[in-house]
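The values are calculated or read from the model by the stated rules, or taken from the named source; none is laboratory data. Everything quoted here is computed from the prediction, not taken from an experiment. Positions of Cβ are generated from backbone atoms using ideal geometry, with glycine treated the same way; all protein chains shown enter the neighbour counts.
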Amino acid sequence: MDAGWIRRGFRRALGAVTAAAVAALATVALVLPAGPVGGVERGGNRITLVFVGDGYTAAQLPLFHRQAAAVWRALLSIQPLARYRAFFRMRVVDVVSPHPGLGPGSPLGMRFGCDGLGRLLCADDAAVRQAVARAPGAVPGPRYVIALADSRRYGGEGGGAGITTLSAGGPDALQVAQHEIGHSIGGLGDEYDTAPGGDDHYPDLSRLDARRMRAARVKWWRWLGAADPTGGTVGAYRSANGLYRPTRDSVMRSLGGTFNLPSREAIIEALYRQVSPVDRAAPAPGTVPAGAALSVRPLGPAGVHWAVDGRPVAGRARRGGTSTLSTRGLAPGTVVTATVRDDTPWVRDETFRRAEMTRVLRWTVA
């Protein structure tokens, strides 16, 4: 459920949860290594998923850790996040609650029923941010905070203030997490019939049908007619609220599905607005001595294309995705370029690909 349309300007007045109360609690943080689902950390060129819990006593922290790990795996098992798993790292922040479950005195002020909707789970954003900020182990770069509640009720929230909430013990919690992260990372809207109509600023919602969309070249016009991984083709399917969605079904319409192609593109573009396709280049682009060994490591699925004075040449693939090229034998003044580009077919906006998903590195032989 997207918090944007339901709680814009919502003021939380949780008097029992104060900054002082959060500061008094024990907080620790753990940054997990990449493992099979993460990426090697290189400065700030990663997006950190920060997990923080509410309603977990000291004895329940192992439960919180297991639930956080399960959500992490679920998020990076759905496309396109699975393809871009190297973009992410995980940070776990422990907040010790004085009692199990949500209720008065819960450190992060998480509660159900925001704006009268029983399943809408909100938090005291200021308390969440302070708990994350004061814990040791902060890492540079962009981040998304995922606040888990010790609860068995169904609920969650995404999209608001960079904080996603989830009832970690609730029914279908992992599928709810996948839906909510679509709001938070991709800026996606709810595609189900009961979502409020009228607001189509989301990349997966439109007031226009396919004909008008194609004529105006807006929204997902590039995808119209494409075979979609959700089944069927991309079009403009009218929901009961009057808005059009790209496909008959998707994870933004019903739990357990996958993201449709326009939503995948929106998520990928959101990721590349925060990280670079180049993870490491050595030596730094510029003038290099003859015989220098050049190396480039792309981030995630991006490829490396070498050229010498504009002529394509083959580099050597190394462990970890690094590509190398030697300048041995090249004459002074020779220009070597490495074009790092993500050619994923899940992006059709070539202007965006050139601007954000491509980097050209240049070296001149001295």
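Output the residues belonging to segment 245-267 that are in a loop (DSSP other than H, G, I, E, B) and within 19 Å of H201 (Cα to Cα). P246, T247, S250, V251, M252, R253, F259, N260 - these are the residues of segment 245-267 that are in a loop (DSSP other than H, G, I, E, B) and within 19 Å of H201 (Cα to Cα). Only one entry in G118, G109 is surrounded by fewer than 22 Cβ atoms within 10 Å (Cβ to Cβ) and either outside any helix (DSSP H, G or I) or in contact with a Leu (Cβ under 8 Å, 6 or more places away or on another chain) (or both), namely G118. Candidates G235, G225, G242: the one that is part of a loop (DSSP other than H, G, I, E, B), of a type outside the set (S, T, Y) and farther than 20 Å from F259 by Cα is G242. Applying the set (1) assigned to a loop (DSSP other than H, G, I, E, B); (2) of a type in the set (S, T, N, Q); (3) modelled with pLDDT of 95 or more to T165 leaves exactly one unmet item: (1). None of R328, R353 is of a type in the set (K, R), surrounded by fewer than 20 Cβ atoms within 10 Å (Cβ to Cβ) and under 19 Å from E265 (Cα atoms) except R353.
Of all residues in segment 175-207, those that are touching a strand residue (DSSP E or B) at 6+ places or on another chain (Cβ under 9 Å) and part of a helix (DSSP H, G or I) total 9. A single entry from A281, A270 fulfils the requirement of being surrounded by fewer than 24 Cβ atoms within 10 Å (Cβ to Cβ), of a type outside the set (K, R), in a helix (DSSP H, G or I) and touching a residue at least 60 places away in the same chain (Cβ under 8 Å): A270. One residue stands out in segment 138-162 among those that are buried (at least 24 other Cβ atoms within 10 Å of the Cβ) and of a type outside the set (D, E, K, R): the one that is nearest to F88 (Cα to Cα), namely I146. Being of a type outside the set (A, V, I, L, M, F, W, C), touching a helix residue (DSSP H, G or I) at 6+ places or on another chain (Cβ under 9 Å) and farther than 22 Å from L271 by Cα is the filter here; which residues of segment 59-105 pass it? Q67, D94, S97, P100, G105, listed by residue number.
Once segment 47-66 is narrowed to residues that are among the small types (G, A, S) and crowded, with 17+ Cβ neighbours inside 10 Å, the residue that is farthest from I146 (Cα to Cα) is G55. Once segment 121-135 is narrowed to residues that are surrounded by 20 or more Cβ atoms within 10 Å (Cβ to Cβ) and aliphatic (A, V, I, L, M), the residue that is nearest to A168 (Cα to Cα) is L121.
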